[in-house]
Amino acid sequence: MGKERYGNTLKFGGFEFICGLKERGLVKNIGFSYHDDPQLLDEILTKYPEMDMVQLQINYLDWNSPAIQSGACYDVACRHGKKIIVMEPVKGGSLAALPDKAMDVMKECGAEGSPASYAIRYAASLDNVMMVLSGMSSLEQVKDNVSYMKDFKPLNGDEQKMLERITDIVNDSITPCTNCKYCMEECPQNINIPAYFGLYNMYAATGKKTNMYYERYSMNHGNASECIKCGKCERICPQHIKIRDELVKFADLYER
Ligand code: SF4
Ligand code: SF4
C-alpha cells in the first residue's frame with residue numbers, strides 16, 4: 001500500500017472487503033503491507049481502526065532513512081496498537097554481504113554471528129513485532145536463521161552501537177535496491193535495473209567488476225545507457241531510488 005494503491009483500494013472497497021471476510025469468520029487477522037510515509041499510514045489506520053496488523057519494511061539501514069522512514073512508520077503503527085510484521089529485514093540481501101570496511105567493524109567489535117543474523121535480530125528485538133519475514137535461498141541460510149531465532153536474544157547496547165557504525169559505512173557505498181523488480185514492469189527499454197544495481201553493490205562491497213555478469217544480464221535486456229529517462233521506474237520504486245542517476249553511474253562503471 002502506498003498513495004496510489006490506497007486510492008485504488010478506496011475506489012474498489014478493498015478495506016470493506018477484508019473487514020467483511022473477518023466478520024464472516026473466514027480470516028482471523030487483517031492488515032496490509034505498507035510502502036509510504038508515516039503521515040499516510042496514520043491517516044489509513046485512523047480511518048480503518050479494524051486493521052489488526054501492518055507489514056512494514058524495517059531494517060537498521062532504513063530506520064532513519066528519509067526515503068523509507070522505517071522508524072517513523074513503526075512509531076505510527078505502535079501508536080495505533082497494531083501488531084507488526086517486518087519485511088526486508090536484510091534489505092534484499094544487502095545486509096547479508098557487507099562491504100569490507102563494515103566487516104572490519106564487526107571483527108573489531110568481536111561479532112560472532114553472521115551479518116544477516118544481526119540484521120534479523122535488530123528487527124526481531126523491536127516491541128510489537130510478531131513476525132520477521134526473511135527471504136532464504138539456501139539450506140545454509142535456513143540453518144543460520146534458525147540458530148539464533150531458536151533461543152532468541154535481543155540486541156544489546158554494544159551490538160546496537162556496532163550497527164550504527166555499519167549503517168554509516170553501508171549508506172555511503174550501496175544503492176538500496178531490494179530486487180522487488182516493480183520497476184522492470186514499467187520500463188519501456190526493458191532494462192534489468194535490479195540486476196545492474198546488484199552488480200553495482202557487489203562492486204562497492206568487493207571492489208571487483210564482474211563484466212561477465214553484465215553481459216549475461218543485459219543479453220535479453222536493455223543496457224544501462226539505453227535509459228531514456230522517462231522516470232516511470234522511479235514513480236513505482238518503493239525504495240524511492242533515483243534510478244536514472246544511478247543507471248548513469250552504473251553505465252560509467254560498466255560500459256566505458
Ligand atoms: S527512466 Fe530509464 S530505466 Fe526508468 S523506466 Fe524509463 S527508460 Fe526505464
Ligand atoms: S523498484 Fe526500486 S527497489 Fe524494486 S527492483 Fe526496482 S530499483 Fe530496486
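Every number here is computed from the coordinates shown, using simple stated rules; none is lab data. Just so we're clear, the structure is a prediction, and the values are computed from it rather than from any experiment. Counting neighbours? That spans all protein chains shown, and the Cβs are built from the backbone with ideal geometry, glycine included.
Here are the numbers:
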| item | result |
| --- | --- |
| Positions within the stretch 239-256 being in contact with an Asp or Glu (Cβ under 6 Å, 6 or more places away or on another chain) and on the phi > 0 side of the Ramachandran plot, in sequence order | none |
| Within the stretch 182-216, considering residues that are more than 16 Å from ligand 2 (Cβ to nearest atom) and among the hydroxyl-bearing types (Ser, Thr, Tyr), the one surrounded by the most Cβ atoms within 10 Å (Cβ to Cβ) | 214 |
| Criterion (touching a residue at least 60 places away in the same chain (Cβ under 8 Å) and either among the polar types (S, T, N, Q) or loosely packed, with under 13 Cβ neighbours inside 10 Å (or both)) met by exactly one of 141, 160, 239 | 239 |
